[in-house]
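Some notes on the structure that comes next.
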Amino acid sequence: MPAEHPARPANDPAGFHYPPVDPGIPALPCKTLLDAHKRLIDRIKLGFGMDRAAFDAEIMPLLERYTGFVHLLPCTPDNYFDAPGGMLRIGLETAFHALQGTDAHIFSGRATISERTHLEPRWRRATFIAGLCAELHRVFTHMIVTDQTGNEWSPYLGPLGGWLTGQGVERYFLKWRPGVRETRALGLFGVPFVVAAAELRDLAAGNTQVVPNMLAAIAGVSVYRDRNVLESLLRRALALVIDRDLLTNAERYGKPQLGSHLERYLVDALRRLAASHAAWRPNADKSRVWFGMDGLFLLWPNAADDLRKRLEADELPGIPKAPETLLDILLAAGLFEPQAPGNAIWRIYPPGAREALDAVKLAAPAALFTESENIPTALSRVLTSPSPAPAKMPKSDNLASPALWPDASRRTATSEPRHTSRETPEQLPLPISAETIPEPPAGSLPPSEQPTPKPELVAPLRLPLVVKRGLQAIISTLGTDEEAARMMEDGLFVPLLSFRTHKIEAPVALRALADTGMLAAEGSVQRTFRNEDVPGVLVALRHVRGISQEQEH
């Protein structure tokens, strides 16, 4: 952004200048901004059912602080609520419609009548505040605000209105950051500038649900243990407000960017399905979700049908019903990974499927399973390739045939001839499978030809199972091209990154290994691994079995 914005010429009464000059946004008083929305504010007063004195004392200070924070900022650069004052308008409209929705819902259904009498007004105010702050995160991520000399406003430090007054700014200028993804949780940093401490204290009085549910709704975090009615009302109100604004813009200015605001609702619905729908249990029989070595897949359009039904149950307006449209939106959001340019559908072969099935691939499993402990265990196979047929063993008339042993040509020459009896009729050949082939007798091969034992973990019984499985998988890579650990003279060095690869957080692994006495050195250590100095842990050699001398050194 340039350090200075050229001022409009004083002798230009028409306001025309070439090349065009950004006129900026005027630093108007907050009262003037609220007066422009008087009719909507009167409807909000009716929604609360307050008289003018109570409304001016309890709700108007909240609206004034919100107006002071967002001032005349637009909500988006070229989509919904993109005119100056768009942030203020979308906040007021979403808060009003969310407040209206509380009339048809009971928040504390399991509480007594007296408890509900105490909590219901607080739930209504919290829902209104959540609607007001629903798009507040955009101020922190999507825009840069400066004065005429290039001084930048930081939303983390205070409201925009206060900054304009303190700096003596008459007009301010806006620049949009390119390619920014939504980070709704950042809206929480604006809540203290909008909601007074006394208001938060009153909302939290006598309960532990109202404020956490309100903040979770603002941050876009789903609460799975108990349904967050407040978040459902906010999601529905925001979708209604955006849909109406887009339709208005379409009638006046042409076709808007349809679908750009639906990403959040589709992702949230996918996560709720993964958390609660029986048919979305990963790798289960007839499941929609399959997780293999090559990624996480959703059967399509089966998953799209479940997604549509969930969104219809939410009563969200403007939600597309065609699987193709849903797919286009999620591809544009970066949630799905296309199989090739112009082709989003993958062909996968789940276990038990008679033929290949159509599916979409998620860019990352964490996009569907938000908590790392909920990420399922991947199948030990590639889903995009057919399962290989079991190898056919050569037929033989005797299970002990020398041809079945390793190095058959050498052993056949030294084998004793088979004795048969003329009186006993010859038996039919027995079917042979890989499971029925006996192992060679111990010591039958010279030491140089004995099979190399596989590296194996020897762990105490109290080592957590998830750490034990991950560490065993890491140890099994020793001696291969995909080695995830390295044998040292003083122990087995396991980089912390290898634990994360198996979905084990480094502090969890470090604490579990230390508590069970498996570490050769206390805490994390720094060692060279693949020509880089990386942090890791040293597991004592007594806990690793089947390591050859070459691997140890």
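The values are calculated or read from the model by the stated rules, or taken from the named source; none is laboratory data. Just so you know, these numbers come straight off a predicted model, no measurement behind them. So basically every Cβ, Gly included, is an ideal-geometry build from the backbone, and we count neighbours across all protein chains shown.
The set of residues in the range 187-208 being in a loop (DSSP other than H, G, I, E, B) and either among the charged types (D, E, K, R) or without any contact (Cβ under 8 Å) to a residue 12 or more places away in the chain (or both) consists of Ala204, Thr208. Taking the range 34-101 as the region of interest, the helices (runs of 4 or more DSSP H) fully inside it that hold 3 or more residues being touching a His at 6+ places or on another chain (Cβ under 9 Å) and within 26 Å of Ala197 (Cβ to Cβ) are 86-101. Somewhere in the range 249-256, is a residue in a loop (DSSP other than H, G, I, E, B), modelled with pLDDT under 80 and within 21 Å of Thr94 (Cβ to Cβ)? Yes, some residue in the range 249-256 is in a loop (DSSP other than H, G, I, E, B), modelled with pLDDT under 80 and within 21 Å of Thr94 (Cβ to Cβ).
Being outside the structural domain of Glu312 (by TED's automatic domain parsing) and either closer than 26 Å to Leu335 by Cβ or part of a loop (DSSP other than H, G, I, E, B) (or both) is the requirement here; does Glu231 meet it? Yes; evaluated as a whole, the condition is true for this residue.
Here the range 28-86 is the region considered, the condition is being touching an Asp or Glu at 6+ places or on another chain (Cβ under 9 Å) and of a type in the set (Gly, Ala, Ser), and the residue that is farthest from Leu203 (Cα to Cα) is Gly86.
So which of Leu519, Leu497 ends up being farther than 26 Å from Ala378 by Cα and in contact with a helix residue (DSSP H, G or I) (Cβ under 9 Å, 6 or more places away or on another chain)? Testing whether each residue is farther than 26 Å from Ala378 by Cα and in contact with a helix residue (DSSP H, G or I) (Cβ under 9 Å, 6 or more places away or on another chain) leaves just Leu519.
Every listed requirement among (1) modelled with pLDDT under 85; (2) surrounded by fewer than 19 Cβ atoms within 10 Å (Cβ to Cβ) is met by Asp305 save one, (1).
Here Leu497 fulfils each of the conditions (1) assigned to a helix (DSSP H, G or I); (2) at pLDDT below 85 apart from (2). Can you pull out the residues in the range 79-97 that are more than 15 Å from Asp243 (Cα to Cα) and under 27 Å from the mean Cα position of the chain (by Cα)? Those that are more than 15 Å from Asp243 (Cα to Cα) and under 27 Å from the mean Cα position of the chain (by Cα): Met87, Ala95. The residues listed here are Val223, Val241, Val195; of these, the one that is modelled with pLDDT of 90 or more and either surrounded by 15 or more Cβ atoms within 10 Å (Cβ to Cβ) or under 30 Å from the mean Cα position of the chain (by Cα) (or both) is Val195. Need at least 2 residues that are more than 16 Å from the chain's Cα centre (by Cα) per element, so show me which helices (runs of 4 or more DSSP H) inside the range 258-368 make the cut, counting only ones lying wholly within it. Answer list for the range 258-368: 302-313, 323-332. Restricting attention to the range 126-147 and to residues that are among the polar types (S, T, N, Q) and buried (at least 17 other Cβ atoms within 10 Å of the Cβ), the residue that is farthest from Asp103 (Cα to Cα) turns out to be Thr146. Here is a list: Leu63, Leu99, Leu46, Leu136. Which entry is more than 20 Å from Glu231 (Cβ to Cβ), in the same structural domain as Leu230 (by TED's automatic domain parsing), at pLDDT 90 or above and in contact with a helix residue (DSSP H, G or I) (Cβ under 7 Å, 6 or more places away or on another chain)? Every option except Leu63 fails the conditions. Against the numbered list (1) at pLDDT 85 or above; (2) outside the structural domain of Thr102 (by TED's automatic domain parsing); (3) β-branched (Val, Ile, Thr), Val267 comes up short only at (1). In the range 148-192, which residue that is surrounded by fewer than 18 Cβ atoms within 10 Å (Cβ to Cβ) and small (Gly, Ala, Ser) is farthest from Arg65 (Cα to Cα)? Per the stated criteria, the residue is Gly179. It is to be established whether one or more residues within the range 167-185 are assigned to a helix (DSSP H, G or I), basic (Lys, Arg), assigned by TED's automatic domain parsing to the domain that holds Leu73 and modelled with pLDDT under 90. Checked the range 167-185: at least one residue is assigned to a helix (DSSP H, G or I), basic (Lys, Arg), assigned by TED's automatic domain parsing to the domain that holds Leu73 and modelled with pLDDT under 90.
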